[in-house]
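See structure below.
The values are calculated or read from the model by the stated rules, or taken from the named source; none is laboratory data. Keep in mind that this is a model prediction, so the values were computed, not measured. Every residue, glycine as well, gets a Cβ built from its backbone with ideal geometry; the counts of neighbours run over all protein chains shown. Remember, those area values only see protein heavy atoms, side chains included, never the ligands or the DNA or RNA. Shrake-Rupley method; radii C 1.70, N 1.55, O 1.52, S 1.80 Å.
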Amino acid sequence: MPEPAVAAELKELRARVPLLTGSLVASADGLLIAQDLPDSVEPDGMAAVTATGLSLAHRIAQTAHGGDFHEVVIRGADGYVVSYAAGPHASLTVLAGPDANVGRLHLESRPAARAIAAHITGTRRS
């Protein structure tokens, strides 16, 4: 099962990105795969909401450009929620504070999403 390896990716991501407050990996149907979230965020609920939002983002990307979805950035008053495709059947969602460096967030999270996708599909090599 990929969950321990995915959880390790989430912990490493938090260590590399200042002001990252949490992250989770969910399947496309909203099932929680792994999480590193603060106590204030309910993991299963966040996974379900993320899947709903990503379904809409996939549809918008397909309708607008005919291509695949890669990421969506939500900026709120109290911070960022960014979701990245982690292969065709999962997503990585990261939470960051309002003063987070979004460029750094992308720089670290995009490769993490690819690594997570590889763990989930079993294609990652040691």
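Tally time: how many residues in region 85-114 are under 21 Å from Arg16 (Cα atoms) and either assigned to a strand (DSSP E or B) or acidic (Asp, Glu) (or both)?
The number of residues fulfilling the criteria is 9.
Of these, Val82, Val25, Val72, which one is of a type in the set (A, V, I, L, M), more than 13 Å from Ile116 (Cα to Cα), assigned to a strand (DSSP E or B) and modelled with pLDDT of 95 or more?
Among Val82, Val25, Val72, only Val82 is of a type in the set (A, V, I, L, M), more than 13 Å from Ile116 (Cα to Cα), assigned to a strand (DSSP E or B) and modelled with pLDDT of 95 or more.
For Thr52, work out the one condition from (1) touching a residue at least 24 places away in the same chain (Cβ under 8 Å); (2) farther than 18 Å from Ala118 by Cβ it doesn't fulfil.
(1)
Output the number of residues of region 28-47 satisfying the condition of being open to solvent by less than 20 Å² (accessible area, probe 1.4 Å) and in contact with a strand residue (DSSP E or B) (Cβ under 7 Å, 6 or more places away or on another chain).
2
Restricting region 64-104 to residues that are touching a residue at least 60 places away in the same chain (Cβ under 8 Å) and over 21 Å from Ala51 (Cβ atoms), which is most open to solvent (accessible area, probe 1.4 Å)?
For region 64-104, the residue satisfying everything is Asp99.
Pick from Ala47, Ala96: which is in contact with a helix residue (DSSP H, G or I) (Cβ under 8 Å, 6 or more places away or on another chain) and of a type outside the set (Lys, Arg)?
Ala96
Out of region 16-27, which residues are closer than 27 Å to Gly103 by Cβ and surrounded by fewer than 19 Cβ atoms within 10 Å (Cβ to Cβ)?
Arg16, Pro18, Leu19
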